[in-house]
Structures are given as C-alpha cells and as structure tokens.
Amino acid sequence: MAGRIRQSDIDEVKARTNIADIIGDYVSLKPGGVGSLKGLCPFHDEKSPSFNVRPGVGRYHCFGCGEGGDVYAFLVKLDHVSFTEAVERLAGRIGYQLHYEEGGGGPSESSGNRARILAANNAAEEFFRERLAAPDADPGRRFLGERGFDAAAAAHFGVGYAPKSWDELTKHLRTKGFTPDELLAAGLVSQRDRGVYDRFRGRLVWPIRDVTGQTIGFGARRLLDDDNGPKYLNTPETAVYKKTQVLYGLDLAKRDISRRDEVVVVEGYTDVMACHLAGITTAVATCGTAFGVDHIKVIRRVMGDDSSTGSVIFTFDPDSAGQKAAARAFGEEQRFAAQTYVAVGPDGLDPCDLRLAGGDDAVRRMIDNRKPMFEFMIRQVVERFDLDSVEGRSSALRAGAPIVASIRDPASQNGYTRELARLSGADLDDALRAVRSAQRSTRGEPRRDARGDGDGYRANASRPPASGPHSGQATDAPVPAPIREPDPTDPTQRTERESLMVLLQLPTEVGADRAARAVQVPFVNPTHAVVRDAIASQLPSIADPGWVDRILAEVPTAYEPTVNALAVAALPQAGTDVGRYARSILDGLIDRDLLREKAELTSRLARTDPQNAELRRSLQVALTSIDQERMRLRDE
C-alpha cells in the first residue's frame, strides 16, 4: 500500500492550480464582483446562481446549500474520488511528480483503480481509432460515408472500429499491462466461465467523454447482419460512467453552450456529428437512456442557466418514440430558467438524414425554425382528437388546458390560451374557463423548481463540513450547535463581517500593521469574534501562501463553513482599487473602536474629581492620542 503524499506536495499542487479552471470544466462561471466568479451550484438544484468561486483565495462556497472548500474538496465531493486521488489527478494535470511518505511509491489502490479505468479507456479508444483504417473495418467506413462523414469527421469525434474478434482488444490491452479485473471494471470486456472476452465486436465505436474531456465509456453501433445484439450497445455502469449523468458531445460543445447561452439536445451520436459539422456546435445527446433530471442539472451548470434569455432546443422524431421523448422533456421543462423549444425536420428527418438530403443549411434552418415547447405540446395534444366534431373539440380543449395552466408567465399564458382556443376550435371564453379550472386543480401542488438563496450569509455550521482542509474523508462528528448569525440590519455587525472578508481575502492589501490593529477591536457577534481570534493567532504568516487554510486549521470544526463563506463572499462595492477599499473597511472598523474608546474616556473624565489633576491629565493625553490616531486614519 502506498504511503501518504507529502504535505509539501499537496500544498504545492494546490498553489499551482487555478481553482476556476477546474470548476470551470463543470460549471459556467461568470464575473460576480471584483476577484469573484459565480455560477449555478453543482451540488444542489437552483434557479439563481449562489455558487461563488474566488480564485485569489483558492476556495468556493455556495450560499444556497452551504457546500464549500478548496479545489480538492470540490473534486472529492463532485466526482466521488478520494482525497489522494484528487491530489494525484491535479498533479498529473500540471505534470508534478508527487512523493509518498512511509515508504510508499505510488498511488493508493482505490485511487489507482479509477485512474486505471480511465487509462484503459484511453488505450481502448486509441486501439479503436487505429482499427478504423484496417481492411476489416470497411463496414464501419461505409456506414460513416453513407451518412456524410469523412475521415476528418471521424477523427474529430474519435470514432473507431471494434474488430469482429473474440478477444483482440483484450489481448492488446493485456500487452499494455492491464489486468482482466481492470478491463472488467472499465466495462471493456464481459465474462463467462471460460474467461473474459471483448464487449464490443464488429461495431462502430464512439468514445463518450465527460465534461473535462476524459474518455469514460463507449457507444457502439451494430453493423453486421449476424450481430444479434442491440442496435446500440453502451458501456455498462462503472466507477466513472453513469449514463444518466453523461451527455455525448458535451466536451466539444460546452464552450459554445456557455458562450451562446444555448444547447441543442438531439437523439443520437450521428445527429451530434451532423449538427456540429453544420455549425450547430452546441448539440449534445443522451447515451442510451431517456433525457432526465440529472441531464438537466448538467446542462444548467454548463450553460449558466439563471435567466430566461437562454435557449434549450430539443429535436424529436415524429414517431411514437419521439412523441414519448417529447412528453418526458416537457414534464421537466420548468426545471429550466431558459426558454425551451422543439425543432422538427421536414418530413420528420433527424439532423443526420436532413444533412444528407439538404446539406448543412437545411440543418441550420431546422434549428432556426424551432417552435416554443408549449406550442409544440399543445399541437401534439390537440391533433389527437377529431376536431370536426363537438365532442372532439371539447376533449381537445380539456386535454390542452393543463398545459397552458402550467405556464408561469401570465402574459405567455394569456397568449397560449388564445392559441389553444384557435387550434381546438373553441370559444375564447370556454378556453379561459378550462385553463382556470386546470389551475385550480393543481393549485395545491408544490413548485417543481428549486431556487437558491442568493448571496445570503447563512449559519452553515448547522451542518458539519464534508471534510477538513486535507482529509478527503467524511467525518462522523456530531452536528454542532447552531452558530449565531449576524444581524443584517446592524451596521456594526455588517462592518465586522466585511472586515473579516477583507482580512481573509486581501491580507497583503491591508498589511500586517493595519490587520494587527483591526483584530484588537472587540466584536459584537460571537461568531465573528471566533474568526477574528483565529486571524490574530496567525498574523505573523499573513503574507504567506495558504493564509485561509491556516485560519481554517485554527478555528473549531463547527466554524469552518463560516470561514469558507467569508473567504469567498463577493466584496461589495470594491471598485477597481481593491487595496484602497480593503484598507478603508479596516480603517472604518478601527475608527469605530477609537470612537468607542473616546466616548468611554470622555465619560470617565466627566466623572473624575477636579482635584485629581494627575488622572485628569492622563485621560486628556489619552483623548488627544485617540484624536491623532483618528486623524492619521483619515489622512491615509
């Protein structure tokens, strides 16, 4: 078993890693104030962004659910890896050689397993891609060519060919040092009594990658008449591949999805290829499973879906399967803040077939001619009925009314009520009554959308942190007693909070001397006082790297989420001169304390016996000193 990674290496890897680059692979981050970025939280479902990242501090915090930590904590929580593997993954990313204590010379077994699965997938992808050029891969090349994809397109999407062999891939990977157990864990082989054999045989193969671009699985298309398997065969669930959380093409589309505030959801690998080659570079597809809630969460994070300005466009086949897919997508429509649309090709052609028939322009026109999801669903429902009969029109109105009733925007609801009346042939008054009746029947149901809490400063210590600064292990500590929240209406407590934010986020801007004076100020809020005391204990190292980590190590465990929140929260009205802003905040804190001292001394002087000249003189000297210090603060 490998030993522990040296702490100096852990610190060095983190110091060399930009946390925004890592989190940006999973979440669309936008400016959220000076030195701060914001996005939709990947740990809970929310409509408004409450997830903050501060690269300068190297930490993140969600003011909605309370999750927070450093870059290691992010990977441990989101990718379900061990702390050791998180360090090893980032070290590999920057090419840093780790050292292990206690005689260990390599990765731990658990983290190594995941790394080996990814390595096996990479080796398999390379094998499949090379085999696409082999003579026996002609069925695969012919399949691609018949659908308008040349060698360059195949190379761009990493398409390969799995030879029709019992164990050619297995033998190849065994020569690379992979064991049968590792190949089983990766889902590359299946097992019978006589041993393992290739899972994909005689098929065209697409690599399925996660949002960071790592190959986590494969999708394989049947080509041969004697293949009795399913039309599409995917990697089974593994430690790295969860089909309900994966979207094919997201690694290629994520940048444009975020930039254009748009995503196009198609139904297959070739449809993704056709869209991208036609210039619709925001296209993605599910991998052998229906579009569901987890897919929505992934899209919303990558898209930064926090307003109604974005577009989510679905393409469906007109057959019964496509209509069922449309109904499922509509059932989750309100989970998006963006506007949802449906694009259907002429004659029901999917993007791949449409590109063959009409070229790239036809695919682009199909997406440009999209219809709002509500309009599409109303038409789908109404057209099921015989509108030439009174009974049919009445049934169409009753069936369409719940769809219109579910529209949240009043103006849009009124418009679609008129559309429902027109399509069903009903009177507008009848349509209005039907929609109101549908609203009353669903009024008691809870909303389907979950909203974040914005930038509210919450007492996150009511829940224990997932890990310490370097543990990566869940703790079994009891839930601590609630920490006293600051009163947002109290200007004194607001000043305390801003001062702590400045001390944690901009220590070098305020300087050691000003910080030392600030931490001498008595704090009204006891939670703030605990954090202030931890800062005071670490002042000699205020200019050193890892400043926030040292404060986190100093405070009681229950206060770690509070420190993390203060270290990440956006600084209000900092402007461009953050140094001046930081100093002004601490000067305001110090000046308030000096004013308090002056009031106490003035009151004491008024109560002092006039005959006690020495005491009165000392009090007057102290008052003069306070006035001079306050004057220096103003001058600075």
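The values are calculated or read from the model by the stated rules, or taken from the named source; none is laboratory data. Quantities reported herein were computed from a predicted structural model and do not represent experimental measurements. Cβ placement follows ideal geometry from the backbone for every residue including glycine, while neighbour counts extend to all protein chains displayed. The accessibility values were calculated without ligands, DNA or RNA, using every heavy atom of the protein model including side chains. Shrake-Rupley method; radii C 1.70, N 1.55, O 1.52, S 1.80 Å.
Per-structure values
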item: Only listed residue being part of a loop (DSSP other than H, G, I, E, B) and under 22 Å from I216 (Cα atoms), chosen from T309, T281; result: T281
item: The stretch 530-580, residues that are more than 26 Å from E12 (Cβ to Cβ) and outside any helix (DSSP H, G or I); result: P556, A569, A570, L571, P572, Q573, A574, G575, T576, D577
item: Residue, least open to solvent (accessible area, probe 1.4 Å), within the stretch 320-348, restricted to residues that are over 20 Å from A290 (Cα atoms) and hydrophobic (A, V, I, L, M, F, W, C); result: A338
item: Among residues of the stretch 371-396, those that are open to solvent by 20 Å² or more (accessible area, probe 1.4 Å) and either part of a helix (DSSP H, G or I) or farther than 17 Å from V342 by Cα (or both), counted; result: 16
item: Restricting the stretch 358-370 to residues that are of a type outside the set (D, E, K, R) and assigned to a loop (DSSP other than H, G, I, E, B), the residue that is nearest to A421 (Cα to Cα); result: N369
item: Close pairs from the stretch 12-38: first over 20 Å from I299 (Cβ atoms) and charged (D, E, K, R), partner modelled with pLDDT under 90 and open to solvent by 40 Å² or more (accessible area, probe 1.4 Å), Cβ under 6 Å, at least 6 apart; result: R16/I94
item: Count of residues meeting criterion [without any contact (Cβ under 8 Å) to a residue 12 or more places away in the chain and either farther than 13 Å from L506 by Cα or surrounded by 17 or more Cβ atoms within 10 Å (Cβ to Cβ) (or both)] in the stretch 541-550; result: 1
item: Filter result (under 36 Å from the mean Cα position of the chain (by Cα) and assigned to a loop (DSSP other than H, G, I, E, B)) within the stretch 173-193; result: K176, G177, F178, T179, G187, L188
item: Total residues in the stretch 194-245, condition closer than 23 Å to L132 by Cβ, in a loop (DSSP other than H, G, I, E, B), in contact with a Phe, Trp or Tyr (Cβ under 8 Å, 6 or more places away or on another chain) and not aromatic (F, W, Y); result: 3
item: Tally, over the stretch 248-307, of residues that are open to solvent by 30 Å² or more (accessible area, probe 1.4 Å), farther than 18 Å from Y26 by Cβ and under 19 Å from the mean Cα position of the chain (by Cα); result: 4
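Results for (1) touching a residue at least 24 places away in the same chain (Cβ under 8 Å); (2) closer than 19 Å to I117 by Cα, shown as yes or no for each residue.
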{"site": "V159", "(1), (2)": "yes, no"}
{"site": "A162", "(1), (2)": "yes, yes"}
{"site": "T170", "(1), (2)": "yes, yes"}
{"site": "P180", "(1), (2)": "no, yes"}
{"site": "L184", "(1), (2)": "no, yes"}
{"site": "D193", "(1), (2)": "no, no"}
{"site": "F200", "(1), (2)": "yes, yes"}
{"site": "I208", "(1), (2)": "yes, yes"}
